[in-house]
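Enquirer: One structure, as structure tokens, below. Some questions next.
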Amino acid sequence: YCLRPVMVNIPNDEWICAACCGRSNSQISFEEYSDNLRGKHYDILKYLGIHKKYKNPGEFLTANAEGIGLFSLHSQNAVKQRAISQQVQAKHVVFDVGNLKFIRAPEKNDWRLPTPLLSEEVYTSSILSMAAAMQYCGMKSYSLDHIYSGNADESMNDPALEVDEITPMSKRNISIFQAYKQNTREGVFPPIEIIHDENFGFGVKALTSMPRHTIIGEYLGEVVTMEQSSQSNSDSLMVLLDTGDPKTSLIIDPTRAGNIARFLSGINNRSLMSKRKVNVRTRRFFMDGKVHICLFTSRRVEAGEILNYDYNAGNEGKDVDQWARTGFYDTSNFF
């Protein structure tokens, strides 16, 4: 059997990989796929949904030079203070500089907005890795919001139906999360690179240091019912809403659409050393009457670190029946 990377679930169809069953495209490695996409700036920007704003990565830096300048090492603090002082509504958590949004004065428990990459070369490499990884996995589209599919519709995403309590999010963090989504639409992505290893599979590497509570992304994909998800081969399913009923509980499946959140690595729950590598957390919350899942750094992350989180966070203390209902991701075979 083909077990590189490790097989994490029982396939519904073939037990052998594309290379062994003779598919023509099976000979292409991720590195080769990335090389083929390199230089195709318009295709990358189109896949990420920002091709109407910028023709190439350099235009992103040029169009947002004023805002990006606030992150430069050569930028004086007075520049940021002046930008803040120009805002009429001083009570607002975020403020605008051009098309980008910034946090006015971060507090201890605030989420942080990702810092834009300042180099055209590094920014280009980052978005190339994101687009290449998603397309290589067969994701037909990059999404900024959930896509409801099959028997699931948006009206079913009702926080009041959740069997477990969802702790309300602070208004400040709601504003910051909304600012994050707006910045993403402008082409500001987390300072990360998607990497691939034939033994470990995909992972996410930090390209710059990030303070604690920096937003990495929202877990997005096609939203299906838990009942429908049983037909999926995906190893990246995430519970969005648990109503106690498989027909109405909702699962996020990023197989065909979504973003880079699916590529973050999981830790081995049976290894204390592995647990110490956790540097990202997930948080379910509701906004505008819908449940969302945010991934953010749980501590300061340095450049070069691989982003890891606990796939089974929140399952501590649950009994076997609860695990059977909500799912437990067996990570005992993780490195």
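Enquirer: Please give the length that would be gained between Leu144 and Glu66 if that part of the chain were fully extended, namely 0.36 nm times their separation in residues minus their C-alpha to C-alpha distance (nm, one decimal).
Expert: Working: separation 78, 0.36 × 78 = 28.08 nm, distance 2.47 nm.
Extra length available between Leu144 and Glu66 comes to 25.6 nm.
Enquirer: Could you sort Thr184, Thr124 by their accessible area in this structure, using a 1.4 Å probe and putting the largest first?
Expert: The ordering from most to least exposed comes out as Thr124, Thr184.
Enquirer: I've got another one for you. Can you give me the Cα centroid spacing of region 228-254 and region 142-177 in angstrom?
Expert: Computed from Cα coordinates, the inter-centre distance equals 14 Å.
Enquirer: If you don't mind, another one. How large is log10 of I(q)/I(0) for region 94-169 at q = 0.16, 0.22, 0.23, 0.25 Å⁻¹ when the intensity is taken from the Debye formula with one equal scatterer per alpha-carbon?
Expert: Debye intensities relative to I(0), on a log10 scale: -1.07, -1.07, -1.08, -1.11.
Enquirer: A follow-up question, please. Using 0.36 nm per residue, how much length does the chain from Ala105 to Lys205 gain when fully extended, once their Cα-Cα distance is taken away? Write out the running numbers ahead of the final one.
Expert: Details: separation 100, 0.36 × 100 = 36.00 nm, distance 2.78 nm.
Contour length minus Cα-Cα distance gives 33.2 nm.
Enquirer: Would you kindly find the accessible area of Thr167, with a 1.4 Å probe and non-protein molecules such as ligands, DNA and RNA excluded, rounding to the nearest 10 Å²?
Expert: My reading of the accessible area for Thr167 is about 80 Å².
Enquirer: Mind grabbing the accessible area of His213 for me, 1.4 Å probe, Å², rounded to tens?
Expert: His213 exposes around 20 Å² with every protein chain in place.
Enquirer: How much of Ser119 can a 1.4 Å solvent probe reach, expressed as accessible area in Å² and rounded to 10?
Expert: 50
Enquirer: Mind listing the phi-derived Karplus ³J(HN,Hα) values for region 135-141, rounded to whole Hz, using 6.51, -1.76 and 1.60 with θ = phi - 60°, and x for any glycine or proline?
Expert: With coefficients 6.51, -1.76 and 1.60, one gets 5, 4, 7, x, 6, 6, 8 Hz.
Enquirer: With the cut-off at 29 Å, tell me which of the pairs Lys140/Lys277; Lys101/Lys247; Lys108/Lys140; Lys55/Lys140; Lys91/Lys205 have Cα atoms farther apart than that.
Expert: Working: Lys140/Lys277 32 Å; Lys101/Lys247 39 Å; Lys108/Lys140 39 Å; Lys55/Lys140 21 Å; Lys91/Lys205 36 Å.
Where the Cα-Cα span goes over 29 Å, the pairs concerned are Lys140/Lys277; Lys101/Lys247; Lys108/Lys140; Lys91/Lys205.
Enquirer: In addition: Determine which aspartates and glutamates satisfy two conditions relative to Lys52: a Cα distance under 19 Å, and not lying fewer than 8 residues away in the same chain.
Expert: Within reach: Asp43, Glu120, Asp145, Glu186.
Enquirer: Ok, one more. Ranked from the most accessible area to the least, with a 1.4 Å probe and all protein chains present, what is the order of Leu70, Leu144, Leu220?
Expert: On the way: Leu70 30, Leu144 55, Leu220 5 Å².
Order by accessible area, largest first: Leu144, Leu70, Leu220.
Enquirer: If you don't mind, there's one more thing I want to ask. Give me the net charge of Lys52's neighbourhood, meaning all other residues with Cβ under 15 Å from the Cβ of Lys52; Lys, Arg count +1, Asp, Glu -1.
Expert: Details: positive: Lys46, Lys53, Lys55, Arg185; negative: Asp43, Glu59, Glu186.
Here the count lands on +1.
The values are calculated or read from the model by the stated rules, or taken from the named source; none is laboratory data. Not measured: the values here are computed from a predicted model. With ideal geometry, Cβ positions are generated from the backbone for all residues, glycine too; neighbour counts draw on all protein chains shown. Heavy atoms of the whole protein, side chains included, go into the accessibility calculation; ligands, DNA and RNA do not. Shrake-Rupley method; radii C 1.70, N 1.55, O 1.52, S 1.80 Å.
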